[in-house]
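Engineer: Sending over a structure as structure tokens; questions will come in a sec.
The values are calculated or read from the model by the stated rules, or taken from the named source; none is laboratory data. Only a predicted model underlies this, so the values are computations on that prediction, with no experimental measurement involved. Counting neighbours? That spans all protein chains shown, and the Cβs are built from the backbone with ideal geometry, glycine included.
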Amino acid sequence: MYLLPLFTADFDKLNWIMWVPTIAIFAFIAVTSHSYFFNPLLGAFGWHFYRVGTPQNVTNILITKRTIRKGDQTINGIELGDYVILETE
């Protein structure tokens, strides 16, 4: 969806000057984010995505600005949707 404006019906008219750097930036973000949930815009703005579990053995995706190093932390957050949590401070 993010790349749709770069495509055209005629392959010969594809704007390679815009397309190649954009793909390179997306690839860099995807490789360096180590993410379970890929969103290049949030990744570019410093958000991190983690797979976390609840005491009820439910696995969720946590979106946070913090870098989490320990697996035994308590997280406070709000549900954005099914199995997606945004950490609140």
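Engineer: Among the residues of the stretch 31-46, is there at least one that is at pLDDT 80 or above and assigned to a loop (DSSP other than H, G, I, E, B)?
Structural biologist: Here is the first cut: in the stretch 31-46, the residues at pLDDT 80 or above are 42, 45-46.
Restricting the remaining residues to those that are assigned to a loop (DSSP other than H, G, I, E, B) gives 45-46.
Looking for residues that are at pLDDT 80 or above and assigned to a loop (DSSP other than H, G, I, E, B), one finds at least one in the stretch 31-46, hence yes.
Engineer: A further question on this structure: Kindly provide the set of residues from the stretch 73-89 that are not acidic (D, E) and not in a loop (DSSP other than H, G, I, E, B), ordered by number.
Structural biologist: Start the filter on the stretch 73-89 by keeping residues that are not acidic (D, E), which leaves 73-78, 80-81, 83-86, 88.
Scanning the stretch 73-89 gives G77, I78, L80, G81, V84, I85, L86.
Engineer: Continuing with the same structure: Select from the stretch 67-89 the residues that are surrounded by 10 or more Cβ atoms within 10 Å (Cβ to Cβ), charged (D, E, K, R) and closer than 13 Å to Y50 by Cα and list them in ascending order. Steps first, answer last, please.
Structural biologist: Residues of the stretch 67-89 that are surrounded by 10 or more Cβ atoms within 10 Å (Cβ to Cβ), as a first pass: 68, 75, 77, 79-80, 83-87.
The next check asks that each one be charged (D, E, K, R); those that pass are 79, 87.
Passing the criteria: only E87.
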